[in-house]
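Peer 1: Provided herewith is a single structure, encoded as structure tokens, for subsequent inquiry.
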Amino acid sequence: MRYLLIHTDDPDRSSEWDDESRAAFTSWLEDTVRAGVNLHGSRLRPPSDATTIRSRHDELLITDGPFVETKEHVAGYDVLECASLDEAVEWAGRHPSSWFGAIEVRALRPGAQAVPLPDQVEGKIRYLMLLGSEPGADPGEFGGTEAVAPWVAEMDGRGIRLYGSELEPPDSAHTVRVREKRTIVTDGPFAETKEQIGGFDVLECADLDEAIEVAGRHPLAHFGMLEVRPFWPFEGD
């Protein structure tokens, strides 16, 4: 079973990342790769570099920043291939992100591929695109997998979409925090908000304009919202 680990940061505690926590991250990464569970993942640029896209009445609405305003913000992700939810939660509790923020563990829908990402094309920028729900929107209007299939086929054909999946519902999420060396697992997503992450895609684009164009053509843009955030680092750093 494949799981998305959504790493979140608490800005008030981000300064606590020190040599010990960085060494712990390196060890965690090496351990997951050695165990064969880590398919791919990345740290993301800060929320100030996020762009949220909506389409309403045939007008594309673009705003700076993430689609949900919470104290803890998405800072990175990993896709793991685990035997069970318990194993995924165990790996989450060993990641130093859980020491200072939280890690939300969400199962991918059946059928998601168990493949690593290809090598990055020189001159391209990779983005994580998060699919967000709009409070009060009727999920039935979206159309689900069948509605998205033409978009997926086009973006796969253009070589833009490298990976993606719907996620199991937010009420199936588990959030992991480690405080004073004690692992605390709570039911539900990391953020208590009406807007929730329903899926994700990894995109490789020429620039932000192309990422916005791609997100704006996703069917969910008409009923929800899409956030695109570049991987860290990207050209210019």
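Peer 1: List every DSSP H helix in the chain whose Cα atoms extend 15 Å or more along the helix's own long axis and whose mean Kyte-Doolittle hydropathy is at least -0.5.
Peer 2: Qualifying helices, which must be both long enough and hydrophobic enough, are 144-157.
Peer 1: Out of residues 5 or more away from Ile184 or on other chains, whose amide H comes under 5 Å of its own, with H placed 1.01 Å from N in the peptide plane?
Peer 2: Here the answer is Arg177, Val178, Arg179, since their amide H atoms fall under 5 Å of that of Ile184.
Peer 1: Moving on. Roughly speaking, what is the stretch gain from Ala35 to Gln120, that is 0.36 nm per residue apart minus the C-alpha to C-alpha distance, in nm to one decimal? All intermediate terms of the calculation are to be shown ahead of the outcome.
Peer 2: Values: separation 85, 0.36 × 85 = 30.60 nm, distance 2.36 nm.
28.2 nm is the gain from fully extending Ala35 to Gln120.
Peer 1: Here's something else I'd like to know. Give the lysines whose C-alpha is closer than 19 Å to that of Lys71, dropping any in the same chain fewer than 8 places away, or say none.
Peer 2: Cross-link targets: Lys194.
Peer 1: Given R₀ = 45 Å, what would the calculated FRET efficiency be for Glu87 paired with Arg56, taking r from the Cβ atoms and rounding to 0.05?
Peer 2: Details: r = 42 Å, r/R0 = 0.92.
So, using R0 = 45 Å, E works out to roughly 0.60.
Peer 1: A further question on this structure: FRET efficiency for Asp18 and Glu213, Cβ-Cβ distance as r, R0 = 25 Å, nearest 0.05? Intermediate results must be reported in sequence, preceding the final value.
Peer 2: Numbers: r = 41 Å, r/R0 = 1.62.
For R0 = 25 Å, the calculated efficiency reads 0.05.
Peer 1: How large a share of the accessible area of region 1-107, in percent, is made up of carbon and sulfur atoms when the probe is 1.4 Å and the other protein chains stay in place? Before the final figure, lay out each step's value.
Peer 2: Numbers: 2420 of 4980 Å².
Summing carbon and sulfur atoms, their accessible area is 48 percent of the total for region 1-107.
Peer 1: Work out, step by step, the length gained on full extension between Glu180 and Arg109: first 0.36 nm times the residue separation, then minus their alpha carbon distance; give nm to one decimal. Don't skip to the end; give the middle numbers.
Peer 2: Details: separation 71, 0.36 × 71 = 25.56 nm, distance 3.36 nm.
Separation in residues times 0.36 nm, less the Cα-Cα distance, equals 22.2 nm.
Peer 1: Right, here's the next one. Treating only the Cβ atoms of Lys and Arg (+1) and Asp and Glu (-1) as charged, compute the dipole magnitude of the chain about its Cα centre; round to the nearest 20 debye.
Peer 2: Numbers: 23 positive and 45 negative charges, 79 e Å.
My answer is approximately 380 debye.
Peer 1: I need the GluC sites (Glu not before Pro) found in region 1-83, filtered to DSSP loop residues with at most 16 other beta carbons within 10 Å of theirs.
Peer 2: Details: sites: Glu16, Glu20, Glu30, Glu59, Glu69, Glu72, Glu81; in loops: Glu69, Glu72.
Counting only loop positions with at most 16 other Cβ atoms within 10 Å, the GluC sites (Glu not before Pro) in region 1-83 are Glu69.
The values are calculated or read from the model by the stated rules, or taken from the named source; none is laboratory data. Just so we're clear, the structure is a prediction, and the values are computed from it rather than from any experiment. Cβ coordinates were reconstructed from backbone atoms using ideal geometry, including for glycine residues, and neighbour counts include every protein chain displayed. Side chains included, ligands, DNA and RNA excluded: accessible areas come from the protein's heavy atoms. Shrake-Rupley method; radii C 1.70, N 1.55, O 1.52, S 1.80 Å.
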